[in-house]
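Let me begin by presenting the structure, written as structure tokens, before commenting on it.
The values are calculated or read from the model by the stated rules, or taken from the named source; none is laboratory data. Every value quoted in this text rests on a predicted model; they were computed, and no experiment measured them. Heads up, the Cβs are rebuilt from the backbone with ideal geometry, glycines too, and the neighbour counts pull from every protein chain shown. Remember, those area values only see protein heavy atoms, side chains included, never the ligands or the DNA or RNA. Shrake-Rupley method; radii C 1.70, N 1.55, O 1.52, S 1.80 Å.
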Amino acid sequence: MDPAPNNLMCTLDSVEATRALGATIAEAARQGDTIALRGDLGAGKTSLTQGFVRARLGDVEVTSPTFTLVQTYGAQDQEIWHVDLYRIEDKAELEELGLEDAFDIALVLIEWPERMEADLPDNRLDILLEHDNAGGRRAVLTLRGNWAERRLDLKL
Ligand SMILES: Nc1ncnc2c1ncn2[C@@H]1O[C@H](COP(=O)(O)OP(=O)(O)OP(=O)(O)O)[C@@H](O)[C@H]1O
Ligand SMILES: [Mg+2]
């Protein structure tokens, strides 16, 4: 079955390819965008974020915010929020992060977005990363809302 028209799929045979996908998405992204990174532990969500952040801000170190929950990069008008909700415990802790305001102005990439599924913005790019059976990854991108009209050159 063909994927729906707003779905794109690609194969990522190395961590470099995962980072390159992040850089490609960075070209199409603008402040106020939300990118939901889905997939199991070790699927490549942080690696994709590394490529994304470096493409926009240069050679910065991007580490997993597993314990801090949020790591921000860049000055105010080009702020990128890298969020990891894996360890979020309850709704109060989620509210303390201040994501509602960030969704309006920052570029927000969220690992484990399922933890706040109902509160995610409708305009967003969903990326599902899955292990393939050759040691690499497969990415399925779902362009929702105003993402549907973006041009993403995935060099397939
Ligand atoms: N396309 C790929 N092919 C092979 N290995 C990859 C690929 N993409 C990423 N990796 C490797 O997978 C490992 C886990 O990557 P990463 O930390 O980005 O996953 P994650 O989804 O953020 O995991 P977590 O859920 O624990 O935060 C890293 O060692 C990374 O180098
Ligand atoms: Mg991660």
Report task. For the chain, report the accessible area per residue in Å² (1.4 Å probe, heavy atoms, rounded to an integer). Result -> 53
Query - the range 36-156, accessible surface, carbon-and-sulfur percent (1.4 angstrom probe) - result: 44
Requested in this report: Using a 1.4 Å probe and counting only protein heavy atoms, arrange Arg115, Arg38 so the residue with the most accessible area comes first.
Outcome: Arg115, Arg38
Requested in this report: Excluding Leu85 itself, calculate the net charge of residues whose Cβ lies under 12 Å from the Cβ of Leu85, where each Lys or Arg counts +1 and each Asp or Glu counts -1.
Outcome: -3
Query raised in the report: How would you classify the chain from its alpha-carbon gyration tensor, with a ≥ b ≥ c the square roots of the eigenvalues: rounded for a/c under 1.5, else prolate if a/b is greater than b/c, otherwise oblate?
Result: rounded
Query raised in the report: What's the angle, to the nearest 10 degrees (0 to 90), between helix 15-28's Cα axis and the longest principal axis of the chain?
Result: 70
**Report entry** Packing-based order for 20-27, 58-65, using average beta carbon neighbours within 10 Å, highest first
**Finding:** 20-27, 58-65
